[in-house]
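A.B. asks: Let me begin by handing over the structure; questions about it come next.
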Amino acid sequence: MQPIVSRRGIWMLGALTALALLSPPADVHAQIFDRLKRATKKAEEVQKKLEPMSVEEEREVGREVAAKLIAALHLYKDEALTRYVNMVGATVAAQSERQDIQYHFAVLDSDDINAFSAPGGYVFITKGAVALCEDESELGGVLAHEVGHIAGKHVLKIVERDKTLRVGMEESKAQMPGSDYLNKMSQGILVKIIDQGLAPGDEYDADQRGLKYAHAAGYPATGLSRFLTKLDQATQQGGKSFWTRTHPPVSERNVRLEKAITAEHWEDADRPNLADRFAAQTQMLKPKA
Amino acid sequence: MNSKLRFGSLVLVSALMLGIAVPLAMAQDNASQDQEKPQKEEKPKKKKGGFFGGLKAISGSSSEQQEVTTTAGSKTVGEGEEIGNAKPTAADRQAVTGMEKYSISQDDLAKFQEEGQLKR
């Protein structure tokens, strides 16, 4: 009698059943697909965190740092002094090699002797620091040092390297003022620049850049070193400044500045240091008799 | 003939077992991952690494802040941390915008530089 199903048929049926049973159910397929999708997204996020910041993103971060500085220390609202600081700042910043951003200058209402710069071109100097200067070349030297930090992207490079800080940057509202991302990022920057200090190499680099900008702008190159000497004396007498707390020793910085001036053969000591103009423009800071 | 049938049955049974075992193993894998998640979350959070570790949120009155610094031992709240915790108001943000929009005319700047014998 002929069997209903041939032997070959039985084998075929067996193989098909095995295949059907071996292939996982649809929900497992979905899980595998979902895992692959998540892994791809994660890889894209990591890639993004490692990318350099765009100028726009840098500006947003700097804007948040600036807002916090103003919230904590307040602007010194004197139109004449703000204008003067902007004039000197614009003069030295014009010599910076970094011209893809605009530089903004402001005076903070603090008697501490400090100057700050934030990514994106924001430069602050306290009225205490302006008052410590004796002439315009010193003010120019300090502002040029801060411009040097921005041009050298010293803070920006740290931020770009620190992946933990960039968590959340891909969220849609990350670039909105006051977002969790910008808040965390600006907190980190302020702790770094004020409490911990940048790497000594970055400070020396900002000194060298500032020296070049000030000299190229027409100021005597010794402005910054004269300011640093006075700052050292002022803090020894109780003046408050994070510059002497977190920056390399003034003696070492001044040695390097002098070496650079000698190496460049800059004989610019006869250039006007503009002490009279400085005194006239900053008279509001002098104690009233 | 019998041995061929036995072999065929063996293949069929193996296939059946594999078909059941694979999805089961995947389901177990998922379940164990789900169990691991809460355990990971329970672990005490380490301080953030990198350059910016050790940020502390400060809220409330200054006496509360004092308590935070005291219980943390010798760690004190740095000036940068205090400034970092500042919450800018709309007026503060407006001041930043004002700083960005502040401009000096090129003529005035040129005159300023000329008077100081500076370079343009």
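The values are calculated or read from the model by the stated rules, or taken from the named source; none is laboratory data. Predicted model, so just to flag it, every value in this text is computed and none were measured. Cβ: placed from backbone, ideal geometry, glycine included. Neighbour counts: every protein chain shown.
A.B. asks: Need a quick list: helices (runs of 4 or more DSSP H) entirely within segment A:85-166 having at least 3 residues that are within 13 Å of chain B (Cβ to nearest Cβ) and modelled with pLDDT under 95.
C.D. replies: Qualifying helices (runs of 4 or more DSSP H): A:154-161.
A.B. asks: Every residue in segment B:73-120 that is among the basic types (Lys, Arg) and in a loop (DSSP other than H, G, I, E, B), please.
C.D. replies: B:LYS75, B:LYS87, B:LYS119, B:ARG120 - these are the residues of segment B:73-120 that are among the basic types (Lys, Arg) and in a loop (DSSP other than H, G, I, E, B).
A.B. asks: Please specify each residue of segment A:202-225 satisfying the condition of being of a type in the set (A, V, I, L, M, F, W, C) and within 12 Å of another protein chain (Cβ to nearest Cβ).
C.D. replies: A:ALA214, A:ALA216, A:ALA217, listed by residue number.
A.B. asks: Considering only segment B:84-120, how many residues are facing chain A (nearest Cβ under 7 Å) and either among the aromatic types (Phe, Trp, Tyr) or surrounded by fewer than 12 Cβ atoms within 10 Å (Cβ to Cβ) (or both)?
C.D. replies: The qualifying residues number 3.
A.B. asks: What single numbered condition from (1) more than 26 Å from the chain's Cα centre (by Cα); (2) under 21 Å from A:VAL130 (Cβ atoms); (3) part of a helix (DSSP H, G or I) fails to hold for A:PRO220?
C.D. replies: (3)
A.B. asks: Considering each residue of segment A:167-183, count those that are surrounded by 20 or more Cβ atoms within 10 Å (Cβ to Cβ) and within 12 Å of another protein chain (Cβ to nearest Cβ), and give that number.
C.D. replies: 1
A.B. asks: Residues in segment A:234-273 that are among the acidic types (Asp, Glu) and assigned to a helix (DSSP H, G or I): how many?
C.D. replies: Qualifying residue count, segment A:234-273: 3.
A.B. asks: Continuing with this model, one more query. Being touching a residue at least 40 places away in the same chain (Cβ under 8 Å) and not in a loop (DSSP other than H, G, I, E, B) narrows it down to one of A:GLY188, A:GLY201, A:GLY210, A:GLY178, so name that one.
C.D. replies: The match here is A:GLY210.
A.B. asks: Just the residues that are assigned to a helix (DSSP H, G or I) and of a type outside the set (A, V, I, L, M, F, W, C), please, taken from segment A:279-289.
C.D. replies: A:GLN281, A:GLN283
A.B. asks: Moving on. Going by what's in this entry, would A:SER96 be described as within 18 Å of the chain's Cα centre (by Cα) and of a type in the set (S, T, N, Q)?
C.D. replies: Here the answer is yes, as A:SER96 does meet what is asked.
So that you can scan it fast, the table gives a plain yes or no per residue for (1) under 44 Å from the mean Cα position of the chain (by Cα); (2) at pLDDT below 90; (3) within 11 Å of chain B (Cβ to nearest Cβ):
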| residue | (1), (2), (3) |
| --- | --- |
| A:ILE4 | no, yes, no |
| A:LEU50 | yes, yes, no |
| A:GLU58 | yes, no, no |
| A:ALA71 | yes, no, yes |
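A.B. asks: Moving on to the next point. Take the conditions within 14 Å of chain B (Cβ to nearest Cβ) and in a loop (DSSP other than H, G, I, E, B) and apply them to A:ASP276. Does it pass?
C.D. replies: no
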